Amino acid sequence: MASHPEDPDIYAVGDLQGCRAALDRLLIAIQQAPNPRAGEARLWFAGDLVNRGPDSLGVLRVVQGFGERAVAVLGNHDLNLLAVAAGVRRQGRSDTLAPILSAPDRESLLEWLRHRPLAHYENGHLMVHAGVLPSWRVEDTLALAGEVETQLRGPHWRAFLADLFGNLPNAWSPNLRGADRWRVIVNALTRLRFANAAGAMELTSKEAASLGPAGYVPWFELPQRKTADNTLICGHWSTLGLINRPNLLALDTGCVWGGKLTAVRLRDRHLIQIDCAPGC
């Protein structure tokens with residue numbers, strides 16, 4: 001679907017991680033941005049709406065309130081929230097999910113969250129939280145994401161989440177079935193940073209792109225990546241920082257760590273960044 005001059009602007013937004021105050025300031029900056037198109041801007045959130053920051057509950061309520069004006073793909077922290085709420089995973093010491101779990105609108109928020117996509121494609125832009133394996137085309141990515149989305153939205157979503165977490169298998173094969181298959185899909189879309197030439201994922205390193213483990217490179221640098229002709233939008237990797245290339249927008253600039261909250265207007269790459277205090 002091609003965009004038209006009269007279509008509302010689309011802003012892609014990096015990881016919020018419960019930083020409601022920074023989100024509020026970003027929304028004001030978007031309203032005040034130069035040369036807006038007619039209508040309210042649409043907002044694409046690159047995952048990890050929740051956790052680590054002080055107001056994950058507020059972030060969920062704001063983003064849910066946008067309705068169809070917003071697209072939010074699921075990140076690893078969002079899936080962790082669903083698993084904790086389902087009783088199949090314990091909160092970590094640095095998790096800040098308790099206000100959501102005790103909120104009066106808890107069930108509606110969780111129901112909304114588990115119906116979010118893992119991948120979104122529109123106007124030549126593919127948005128995922130973390131990355132895409134080199135052998136996957138856009139249509140493959142959307143189809144595989146759809147398999148997981150069907151499970152998350154179905155009646156057995158709690159049992160599905162119970163088997164979802166772990167680092168193995170670490171490579172894709174179309175012959176994978178069941179939990180192994182879904183785990184590779186989810187890890188690629190929500191946790192991937194480094195991979196090797198064979199497409200195997202290294203899921204423990206969080207260093208900057210130049211400091212990865214031997215034999216591994218950032219997923220977007222792999223040769224013959226089948227999504228290279230599209231623009232990939234992602235977050236997840238705060239030590240990577242902002243990347244603004246024709247075929248890559250990496251938007252996690254570490255708001256929750258005292259960095260910035262970043263948004264980019266897709267039609268012209270107009271950049272908005274909001275300073276964040278540590279812990280936001």
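No value in this document is a laboratory result; all are computed from the given coordinates. All figures in this text were calculated on a predicted structure; none of them were measured in a lab. Cβ: placed from backbone, ideal geometry, glycine included. Neighbour counts: every protein chain shown.
Shown here for the range 63-129: chymotrypsin sites (Phe, Trp or Tyr not before Pro) in loop regions (DSSP other than H, G, I, E, B) with at most 15 other Cβ atoms within 10 Å, namely PHE66. For a quick check of your reading of the filter: which trypsin sites (Lys or Arg not before Pro) in the range 44-129 sit in a DSSP loop and have no more than 16 other Cβ atoms within 10 Å? Those that pass, being in a loop and sparsely packed, are ARG90, ARG93.
A run of the chain free of exposed loop cleavage sites, with GluC sites (Glu not before Pro) counted only in DSSP states other than H, G, I, E and B and at most 15 other beta carbons within 10 Å, reaches its longest extent at 41-206.
Over the range 10-275, what is the mean sequence separation of C-alpha contacts under 8 Å (at least six apart), divided by residue count, expressed as relative contact order in percent?
Working: 526 pairs, mean separation 60.9, N = 266.
Here the relative contact order equals 23 percent.
In summary, the chain shows an alpha-carbon radius of gyration equal to 0.94 times the 2.2 N^0.38 Å reference for compact globular proteins.
Taking the chain as a Gaussian network of alpha-carbon nodes connected by springs under 10 Å, the highest mean-square fluctuation of the residues ALA33, ALA209, ALA85 belongs to ALA33.
Pop the C-beta distance of ASN244 and GLU6 into the FRET formula with R0 = 30 Å and round what comes out to the nearest 0.05.
Details: r = 26 Å, r/R0 = 0.86.
So the FRET efficiency works out to roughly 0.70.
Take the alpha carbon atoms of the range 104-126, find their center, do the same for the range 55-90, and report the distance between the two centers in whole angstrom. Spelled out, the Cα-based centre of one part sits 8 Å from the other. Where in the range 31-57 is the amide nitrogen less than 14 Å from a point lying 7 Å along the Cα-to-Cβ axis of SER94? What the label zone holds, given the 14 Å backbone N cut-off, is 51-54. Per residue of the chain, the DSSP helices (runs of n ≥ 4 H) give a summed -39500 (n - 2.57) that works out to -8500 deg cm²/dmol at 222 nm. Using Cβ point charges alone (K and R +1, D and E -1), the dipole size of the range 164-214 about the Cα centre works out to roughly 160 debye.
Peptides 192-198, 23-29: what's the order by average Cβ count within 10 Å, highest mean first? Let's see the in-between values first.
Numbers: 192-198: 20.3, 23-29: 18.0.
Taking the mean over residues of other Cβ atoms within 10 Å, the ranking is 192-198, 23-29.
Taking amide H positions as modeled 1.01 Å from N, with prolines and chain starts lacking one, the residues under 5 Å from ILE10 and 5 or more places away or on another chain are ARG42, LEU266, ARG267. The charge dipole of the chain, taken about the Cα centre with unit charges on the Cβ atoms of Lys, Arg (+1) and Asp, Glu (-1), comes to about 420 debye, rounded to the nearest 20.
Based on the Kirkwood radius over alpha-carbon pairs, what value in µm²/s does the Stokes-Einstein equation return for the translational diffusion coefficient of the range 1-113 at 4 °C and 1.567 mPa s? It comes out at roughly 87 µm²/s. In whole Å, what is the distance between the alpha-carbon centres of the range 134-148 and the range 262-276? Value for the Cα centre distance between the two parts: 27 Å. Structure remark: mean-square fluctuation, Gaussian network model of the chain, C-alpha springs under 10 Å; the largest value among THR190, THR253, THR231 belongs to THR231.
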